[in-house]
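What follows is a single structure, written as structure tokens, with notes after it.
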Amino acid sequence: MTLWVIFAGLTAAAMVAVLWPFLRSDKQKLEVAAYDTAVFKDQLEEITSEKERGVISKTEADAARTEVSRRLLLAARTNASRSGSSTGTRGGKLPALALVCTFLCVPVSSAVLYLVYGSPSLKDKPLAERLQQDSSTKKIDELMAQVEDRLREHPEDGRGWEVIAPVYLRQQRYNEAADAFGKALKLLGETPQRLLDYGNALVLSNDGIVTEPARLALQKSTSSGKTFVRAQFWLTVAKEQDGRYSEAAQAWRELLKQGGADAPWREAVQQRLAAVEQRAGMASGEKPAVAPAKIPDAAMVKGPSQEDVTAARGMSSTDRSAMIAEMVAGLAERLKSDGGNVEEWKRLVRSYTVLGKKQEAVKALENARGVFTEDPQSLALLNELAKSLGL
Amino acid sequence: MIAEIGHFSLILALGVALAQTILPIWGAQQRDNTLMRIGAPAAQAQFCLLLLAFFGLMIAYVTSDFSLLNVFQNSHSAKPLLYKISGVWGNHEGSMLLWVLILALFGCAVAMFGRNLPPDLKANVLGVQGSISVAFLTFIVTTSNPFTRIDPAPFEGQGLNPILQDPALSFHPPFLYMGYVGFSMAFSFAVAALITGRVDPAWARWVRPWTLAAWMCLTLGIAMGSWWAYYELGWGGWWFWDPVENASFMPWLAGTALLHTALVMEKRDSLKVWTILLAILTFSLSLMGTFLVRSGVLTSVHAFAVDPERGVFILGIMVIFIGGALALFASRAQVLRQGGIFAPVSREGALVLNNLLISTACAAVFIGTLYPMALEAVTGAKISVGPPFFNATFGPLMVPLLIAMPFGPFLAWKRGDILGASQRLSVAAIVTMLVIIAAYAFSGSGPWLAPLGLGLGIWVIAGALSEIAFRVKMFKAPWDEVFRRLRNLPRAAYGTTTAHIGIGVMVLGIVATTTWQSEKILSLKPGQSASIAGYELKYMGVEPHKGANYSEQIALLVVSRGGEEVTRLFPSKRLYVAPKTATTEAGIHAAWTGDLYSVLGDELKDGAFAFRLYFNPLVRFIWIGTLIMFFGGLMSLTDRRLRVGAPKPARVGVRPAAAE
């Protein structure tokens, strides 16, 4: 309500200001030419003063004065011939009409526009005020903002990183999650669980590709004797991605044996097993395109939109490979024409690797290096990628 | 509530601007005094409302109110206060709001200080100014609304691009916009003159100082941008002929030309039609600059085609205003009474030459900027017109301009004496010759054109000083007379001289730094040294450091010359938190002879770091020159006296020197 009162006050003030000339009528008649002569008279005065100060000589002053006087005369003559065109206030219908129109149109149109674009029901939400609110009403992201704030101050707080990392993971902010898990791991020491979490986040942040650091972390997490299905899963995916299909198939089978009949991941593993067996069968021949098939944490593909991903999930595996191959080709085309940034190039190289097109991956890497010859930072990133993919 | 009040003020300002457009112009047509008088209070009300809106947005930024989409996208709670404030105009929506705010400020100035303007001229000017407001406010409200809310509000913003978090760049846009938008004043006056069909003497009296003010702001704005690019981008360059830079440089060139013709018009009542055309063109180039930067067409013509809403809107505004004004010019220009006549060799003639050269240079920049875009739009081929094109076209046009520059002020109005002017410039010519010879002697090997370039700068400076010397009869009259004359000389005359000296100083800087720059790229391990331009740099090591919203690695370089320590440089690499971006901060040591410029590169094997080292001779002269130009403008601006150009009488002035 207060808001609308303020709006009304603003509108009224603006209307009074705009329509002020109606309230205070000005009866004097204004001759346009009078303004011209005023300027010329000022100029004549200026000439006199310049001459007195010795800035211009007498001859120059005289010449200038002659010119200005000539203009002054001309203006006076025009003035006489234009005398009918002086302005004045007409009391007629015209201003009254304008008055009414303005008074109606401006407030109404403003109100309508505001109702279309404005959000009168929303209060201001300055951050400081929100952070002071009772903690029981705080939502996750509010708490996160606080934790993030604290971590900026104290990056050595391993507990903090450990608390925030799973939240990042749930929000699908995989890069941040991997970073946070990594820091917790470094600061609090290695445990199988932490190694597993770190490895898992790394894989997800790399679009479902098991990079070398991720593989090492996962391997370590299982070496303590504890068995994590998730670690085994990714390690098997790593075998697939290395092209060791028969080993992968073997590992999938073992995994199925371990889990009960009602394990939630059973179906996913069975599908992968089928795909791998098919590939292992023709392994000696030409390698078909290998898609980073369905992984439990979905959202592993960053490039395509959510719809694409949903669509891909419903497709048969050949269709899916075709779609992915198409997307990769599109990306390659685009990067060729407009250069792109280093992240996009990395994605391209990775995609080729996943598709099993090692030669193309190497070629794309070379091209990328060509693009970023003058950018050591990007080159370093590319080298890192090449190392982790074993190219 | 503050945000919503700001939003409503913005919309109300649109309504008021609409009234400001229609009523005064209608009143001027009907010769109705009351309607005409509405323009002034409407302009003031519009300005107040926009100020309210702007402050509303600023408060949202300062308090990190992420319920505004614009604040969420462009701010972060960990950002220092200065950058929270500058974040308001560091993005598309906010900068457009600043744009109209400044537009309204200029309209408000006409309303408040325009008492000596004929009422119908004033009404038309305010109407035209109002119509520009209407166009841009509609654009803001419908396509780029900074007050769009999000609910629920996120808890942290996405941050301002760290490369923009810099003091010089914080104040670069306001000055740039003061310049861009300031030219709208000249535009509105030009269109108003075309509507009324006459160019009042009060016209030039008003247009000259306001164009000058806009020009000064633009000069400073461009200089800040260039200064920022120099120390922030880490390549040691100060001008890249980048389309964004060109977008602000073209209005500056046209504005410089306009400034000079406006002067002729005020002093001599001639060149009226040309001044009006130039006023229209200058603001058109400002509009085009806004379009180029704001539509996204620069990043990629294709990106523009994909999301064209904003771009097409600004394009529409451009077409309507530029096309409309030019059409009006075509149909009404012959109605305007031509002013005084003058001989080809005269002060007026010199200024026409100035205009011709500057306009041609501006056209060259225009082609170099737009041709690649047009080509990409038509054929899809991407080409880049780099510095070579501009150096080959713009450079040669500047040489005759600079050579002719000192002659101008020596020529009398109406009819001049080129021989006499040359005689009075003989001292300047001798000084220039000596400098060129000395430069050849000292530079030894090196580009053979460089000393000539230096000579050009000296010629401009010496020529400007000669003019003052001549006017006060230095060395010719007794000293007390000289002092009396120095005191009596109008500030405007000093302003001209100062601004011209500024150009000369800038030319010296440009020539020296482009021809004699030295550059080294190398890797250093702690304890190793490198040498450049007589300096010895010892690399001591790298240390991590934390700032408010970034962490950085700072390298220490101990700089010595001839065994004595001169200074310590701290080039660093920063990694910002939000958004995650790396920037480089150059370590710069400024000396009179030039800047020692160091950039920290990447970490290499076994603790070594890559470094880029530059020595840029006299590079600071470039910005010192622009500052001098700015102060020249300021001197002239503070001189509130009328400008009258005294012509040389036809028959009396046979012996000009004796005649005085």
>> Which one, A:Ala231, B:Ala499, B:Val88, is farthest towards the positive end of the dipole of the protein assembly as shown when Lys and Arg carry +1 and Asp and Glu -1 on their Cβ?
In response: B:Ala499
> Is the shape of segment A:331-391 rounded, prolate or oblate, going by the alpha carbon gyration tensor and its root eigenvalues a ≥ b ≥ c, with a/c under 1.5 for rounded and a/b larger than b/c for prolate?
Replying inline: oblate
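So which DSSP H runs in chain B come out at 30 Å plus along the axis (Cα) with average Kyte-Doolittle of at least 0.0?
Values: long enough: B:2-30 (41 Å, 1.21); B:39-62 (34 Å, 1.69); B:92-113 (32 Å, 1.82); B:119-143 (35 Å, 1.04); B:167-196 (45 Å, 1.22); B:201-232 (47 Å, 0.33); B:243-268 (37 Å, 0.33); B:272-294 (33 Å, 1.57); B:347-379 (47 Å, 1.13); B:450-471 (32 Å, 1.36); B:491-516 (37 Å, 0.90).
Span-like helices, by this rule, are B:2-30, B:39-62, B:92-113, B:119-143, B:167-196, B:201-232, B:243-268, B:272-294, B:347-379, B:450-471, B:491-516.
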> Quick one: Cα centre-to-centre distance for segment B:135-198 and segment B:536-552, in angstrom?
Replying inline: 37
>> Let me confirm one metric for peptide A:144-157, namely the mean number of other chain beta-carbon atoms within 10 Å of its residues' beta-carbons.
In response: 2
> Just how far, in whole angstrom, is segment A:162-206 from segment B:467-488 if you go by their alpha carbon centroids?
Replying inline: 80
> What does a probe at B:Ala582 reach in segment A:351-391, counting residues whose amide N is under 16 Å from the point 7 Å along Cα→Cβ?
Replying inline: A:369, A:372-386
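Quick one: putting +1 on the C-beta of Lys and Arg, -1 on the C-beta of Asp and Glu, what dipole do you get for the protein assembly as shown around its Cα centre, in Debye to the nearest 20? Please report the intermediate quantities before stating the final value.
Working: 100 positive and 85 negative charges, 612 e Å.
That gives the protein assembly as shown a dipole magnitude of about 2940 debye.
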> What FRET efficiency, computed as 1/(1 + (r/R0)^6) with R0 = 56 Å and r the Cβ-Cβ distance, is obtained for B:Glu543 and B:Leu356, rounded to the nearest 0.05?
Replying inline: 0.45
>> Test of understanding: extend the Cα→C-beta vector of A:Arg152 to 7 Å, then name every residue of segment B:74-97 with backbone N under 12 Å from that spot.
In response: B:75-81, B:84
> Rounded to the nearest 0.05, what FRET efficiency do A:Val116 and A:Arg173 have when you use their Cβ-Cβ distance and R0 = 35 Å?
Replying inline: 0.50
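Counting other beta carbons within 10 Å of each Cβ, put B:Cys362, B:Cys217, A:Cys105 in order, fewest first. It would help to have the intermediate numbers written out before the result.
Values: B:Cys362 25, B:Cys217 22, A:Cys105 14.
With the fewest neighbours first, B:Cys362, B:Cys217, A:Cys105 line up as A:Cys105, B:Cys217, B:Cys362.
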> Tell me, what is the percent relative contact order of segment B:3-67, built from C-alpha pairs under 8 Å that lie six or more residues apart?
Replying inline: 44
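What is the fewest-to-most order of B:Thr584, B:Thr282, B:Thr34 by other Cβ atoms lying within 10 Å of their Cβ? Each step should come with its number before you reach the end.
On the way: B:Thr584 21, B:Thr282 31, B:Thr34 24.
Listing B:Thr584, B:Thr282, B:Thr34 from fewest to most nearby Cβ atoms yields B:Thr584, B:Thr34, B:Thr282.
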> For segment B:15-92 and segment B:371-388, what is the separation of their C-alpha centers, rounded to whole Å?
Replying inline: 37
> Say each of B:Leu51 and B:Val378 gets a label point 7 Å from the Cα, pointing the same way as Cα to Cβ; how far apart are those two points in nm?
Replying inline: 4.9
>> Viscosity 0.890 mPa s, temperature 25 °C: what is the translational diffusion coefficient of segment B:518-617 from Stokes-Einstein with a Kirkwood Rh over Cα pairs, rounded to a whole number of µm²/s?
In response: 177
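I'd like to know how chain B sits against the 2.2 N^0.38 Å rule of thumb: what's its Cα Rg over that expected value?
Details: Rg = 26.9 Å, N = 660, 2.2 N^0.38 = 25.9 Å.
So the Cα radius of gyration is 1.04 times the expected 2.2 N^0.38 Å.
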> For B:Lys605 and A:Val16, what does the FRET efficiency come to when R0 = 51 Å and r is the distance between their Cβ atoms, rounded to the nearest 0.05?
Replying inline: 0.10
> Given a cut-off of under 8 Å on Cα pairs at least six residues apart, what relative contact order in percent is computed for segment A:143-242?
Replying inline: 20
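For A:Asn341 and A:Arg77 in the same chain, what is the full-extension length gain: residue separation times 0.36 nm, less their Cα-Cα distance, in nm?
On the way: separation 264, 0.36 × 264 = 95.04 nm, distance 7.09 nm.
Stretched fully, the A:Asn341-A:Arg77 segment lengthens by 88.0 nm.
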> Given labels modelled 7 Å from the Cα in the Cβ direction, how far is it in nm from B:Val427 to A:Arg253?
Replying inline: 10.4
> Across peptide A:104-114, what mean number of C-beta atoms from other chains lies inside 10 Å of a residue's C-beta?
Replying inline: 5
> Relative to a virtual label point 7 Å from the Cα of A:Ser49 in the Cα→beta-carbon direction, which members of segment B:198-215 show backbone nitrogen distances below 18 Å?
Replying inline: B:202, B:205-206, B:209
> What does the helix-only formula give at 222 nm for chain B: each DSSP H stretch with n ≥ 4 adding -39500 (n - 2.57), the total divided by the residues, and the result rounded to the nearest 500 deg cm²/dmol?
Replying inline: -21000 deg cm²/dmol
> Normalised by the residues of chain B, what does the relative contact order come to in percent, with Cα pairs under 8 Å and at least six apart?
Replying inline: 11
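Determine, for A:Lys51, B:Lys605, A:Lys186, the number of other Cβ atoms within 10 Å of each Cβ, and report the residues in order from fewest to most.
On the way: A:Lys51 18, B:Lys605 7, A:Lys186 13.
By the 10 Å Cβ count, ascending, the order reads B:Lys605, A:Lys186, A:Lys51.
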>> With the cut-off at 30 Å, tell me which of the pairs A:Lys358/B:Lys605; A:Lys125/A:Lys346; A:Lys363/B:Lys520; A:Lys336/B:Lys520 have Cα atoms farther apart than that.
In response: A:Lys125/A:Lys346; A:Lys363/B:Lys520; A:Lys336/B:Lys520
> So, in nm, how far is label B:Leu326 from label B:Tyr371 when the simple model puts each one 7 Å beyond its Cα toward the Cβ?
Replying inline: 1.9
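FYI, it's all coordinate maths here, none of it is from the lab. This one's a predicted model, so the numbers in the text were calculated from it and none came from an experiment. With ideal geometry, Cβ positions are generated from the backbone for all residues, glycine too; neighbour counts draw on all protein chains shown.
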